[in-house]
1. Suppose the filter is closer than 14 Å to Leu101 by Cα and either at pLDDT 95 or above or in a loop (DSSP other than H, G, I, E, B) (or both); does Met31 pass it?
2. Output the qualifying pairs, or none if there are none: Cβ atoms under 8 angstrom, residues six or more apart or on different chains, first residue in segment 20-47 and closer than 16 Å to Ala82 by Cα and surrounded by 13 or more Cβ atoms within 10 Å (Cβ to Cβ), second residue of a type in the set (Asp, Glu) and modelled with pLDDT of 90 or more.
3. Could you please find all residues in segment 52-79 being over 18 Å from Ser36 (Cβ atoms) and buried (at least 18 other Cβ atoms within 10 Å of the Cβ)?
4. Please determine whether any residue of segment 88-103 is under 17 Å from Phe25 (Cβ atoms), without any contact (Cβ under 8 Å) to a residue 60 or more places away in the chain and touching a helix residue (DSSP H, G or I) at 6+ places or on another chain (Cβ under 7 Å).
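The values are calculated or read from the model by the stated rules, or taken from the named source; none is laboratory data. Quick caveat, the model's predicted, so the values are computed rather than measured. When we count neighbours, we look across all protein chains shown, and the Cβ atoms used for this are built from the backbone with ideal geometry, even at glycine.
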Amino acid sequence: MKLAAAVFTCLIASPAVGFECPQHFSKAQAMIDKVSGEMEGMMDMMSPEDMALVHALLDDAKMLLSGAHHNHEKPQGAYDHARSIAKADAALGYASAADMLHFKYMEK
């Protein structure tokens, strides 16, 4: 009986993972948009090397978010939704790192 309840719970919970993906996407996209928008007016404030590093972090974030969308749109199962969330969270991490790196110039 306990085994049947556990299996039933897992089957009910797994589709919910797919519905969580859009929230993770929107958080990552919002951070990417924030940093990208703030970078537009910072050409004269940052060195070309630091500007390139921020853009590299943003490019990685965009690539991960694109991969997250792909896993979400063409899932083979719950594993792909889990990967989608992981990639979106990694994209948020890269975009947050870009935000921290460019923020030191905004304080000046």
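1. Yes: the conditions hold for Met31.
2. Matching pairs, first to second residue: His24/Asp89; Ala28/Asp89.
3. Asn71, His72
4. Yes, the conditions are met somewhere in segment 88-103.
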